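What follows is a short report on a single structure.
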Amino acid sequence: MDFALTDEQKEFQKLARDFARNEIRPVAHIYDDTEEVPWDVIKKAAKLGLTSYRYPVEYGGLGISDPITSLIMTEEIYWGCAGIGTAINGTGLAATGIMVAGTEEQKKKFIPQFCDPDNPRLGAMGLTEPSAGSDVSAMATTAVKDGNEYVLNGTKQFITNGGIADVHVIFAQTDKEKGWNGVAAFVVEKGTPGLKMGKKEIKMGVRASHTAQVILEDCRIPLENRLGGEPGEPTHISGLAALKMLERTRPSVGAAALGIARAAYEYSLEYAKERKQFGKPIIKNQAIAFKLADMATEIEAARLLLWKAGWLVKNNQPFARGEGSMSKLYAGDVAVKTATEAIQILGGYGYSREYPVEKWLRDAKIYQIWEGTAEIQRLVISRMIEQNG
């Protein structure tokens, strides 16, 4: 067991940390106020390979496949700003769906679009619906085969990059009677008639990331845009299988939450060292010191859970006890708790928008909700330990 980072991991950690410090932090408050897509930052990230490093070289990426390296970089980027981090990394959900379920032809067509350093394109994954979040079996969006096309109808809710993405990966029911097994994934390209953006959400946090409804009205796409091809073809992978494989991305969501937690901890630690009350720095007060001790301990524990999950992915081991869900669940809870305690340490200043800690709490809360709520993660874990101990 070796916790030392490799030279390559240190290099990429520094790249991401410097970018977060120099390019993300100085403008984070601006995009938090305006809730606009941070295109200038996305373009700079693309130039450095921060939008494409995890994709294979043959599709234009940097070929960094080590999941722990990816977790390290995600933590650093989101230490800068979770909203801008999501704007940079949100495309990864659609790309992962294509990498997991797509045919070679589909990968060659779509993945290079996400790797273009001069003209970065956005991806979106459409899974959640107004009446179907964690319960995918209640999905109402349909895909009906009609000759050489599929016709998609339905509404997707709370979609990152929804309606503005160049490539939407949409999950839909092809056969309602089959339940989960009737779910398939389809690529819908920008400009396709019948694809439009619904309401753009005005959010509590991660406000630099665009979130909106995606509406599909008699949206026609060619048969070749069904990910994995048609059932019965040698390349076919079901939408259900793709969804199960996407569970392996949960640690990266946890790494983003960890970045927020670390940002809040570091800021409140420095504040506690400098702020004086009754003639001494407030860190000398046990009430404050113990809060910081708990923060430091929980951040360290969250990182170890994440790296363990990354190690399992790297070694093609299953999440037999729900380790992916454990890492996402714990990191999300730690982010919310750490940001809350940071505000408490700063007192009135923590509640003021002049200081960044209130933003970190607003950003942190979503990590107990999206990509599977904290309750769903506990459900997954409880079922896994019931089976496997």
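The values are calculated or read from the model by the stated rules, or taken from the named source; none is laboratory data. A quick note: this is a predicted structure, and the numbers were derived from the prediction, not measured. As a convention, Cβ positions derive from the backbone with ideal geometry for all residues, glycine included, and neighbour counts pool all protein chains shown.
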Some residue of the stretch 149-160 being crowded, with 24+ Cβ neighbours inside 10 Å, assigned to a strand (DSSP E or B), at pLDDT 95 or above and charged (D, E, K, R): yes
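Do we find that PRO120 is closer than 22 Å to ILE84 by Cβ and modelled with pLDDT under 95 in this structure? Reasoning before the result, please.
Numbers: closer than 22 Å to ILE84 by Cβ: yes; modelled with pLDDT under 95: yes.
Considered against the rule, which asks whether it is closer than 22 Å to ILE84 by Cβ and modelled with pLDDT under 95, PRO120 comes out as yes.
For every residue, the table says whether it meets (1) within 20 Å of the chain's Cα centre (by Cα); (2) small (Gly, Ala, Ser); (3) at negative phi; (4) outside the structural domain of THR192 (by TED's automatic domain parsing).
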{"site": "LYS107", "(1), (2), (3), (4)": "no, no, yes, yes"}
{"site": "LEU127", "(1), (2), (3), (4)": "yes, no, yes, no"}
{"site": "ALA132", "(1), (2), (3), (4)": "yes, yes, yes, no"}
{"site": "VAL144", "(1), (2), (3), (4)": "no, no, yes, no"}
{"site": "ASN148", "(1), (2), (3), (4)": "no, no, yes, no"}
{"site": "ILE159", "(1), (2), (3), (4)": "yes, no, yes, no"}
Counted residues, the stretch 122-170 - those being in contact with a helix residue (DSSP H, G or I) (Cβ under 8 Å, 6 or more places away or on another chain) and among the β-branched types (Val, Ile, Thr): 5
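Please determine whether any residue of the stretch 354-372 is more than 22 Å from the chain's Cα centre (by Cα), in a loop (DSSP other than H, G, I, E, B) and over 24 Å from ALA296 (Cα atoms).
Checking the stretch 354-372: at least one residue is more than 22 Å from the chain's Cα centre (by Cα), in a loop (DSSP other than H, G, I, E, B) and over 24 Å from ALA296 (Cα atoms).
Consider GLY348 carefully, then state whether it is modelled with pLDDT under 95 and more than 24 Å from LEU93 (Cα to Cα). I'd like the intermediate steps shown before the answer.
Details: modelled with pLDDT under 95: no; more than 24 Å from LEU93 (Cα to Cα): yes.
No, not satisfied.
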Where THR340 falls short, out of the listed (1) on the phi < 0 side of the Ramachandran plot; (2) surrounded by 20 or more Cβ atoms within 10 Å (Cβ to Cβ): (2)
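Looking at ALA287, ALA320, ALA342, which is the one that is among the small types (Gly, Ala, Ser), farther than 30 Å from GLY90 by Cα and over 17 Å from the mean Cα position of the chain (by Cα)? Please lay out each step first, then the result.
Working: ALA320 fails: farther than 30 Å from GLY90 by Cα; ALA342 fails: farther than 30 Å from GLY90 by Cα.
Going through ALA287, ALA320, ALA342 in turn, the sole match is ALA287.
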Among (1) buried (at least 18 other Cβ atoms within 10 Å of the Cβ); (2) in contact with a Lys or Arg (Cβ under 9 Å, 6 or more places away or on another chain), there is one condition VAL41 misses while meeting the rest; what is its number? (2)
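Can you report the number of residues in the stretch 169-208 which are of a type in the set (A, V, I, L, M) and either surrounded by fewer than 18 Cβ atoms within 10 Å (Cβ to Cβ) or within 29 Å of ARG353 (Cβ to Cβ) (or both)?
Step one: of the stretch 169-208, the residues of a type in the set (A, V, I, L, M) are 169-170, 172, 183-185, 187-188, 195, 197, 202, 204, 206, 208.
Keeping just the survivors that are either surrounded by fewer than 18 Cβ atoms within 10 Å (Cβ to Cβ) or within 29 Å of ARG353 (Cβ to Cβ) (or both) gives 197, 202, 204, 206, 208.
Qualifying residue count, the stretch 169-208: 5.
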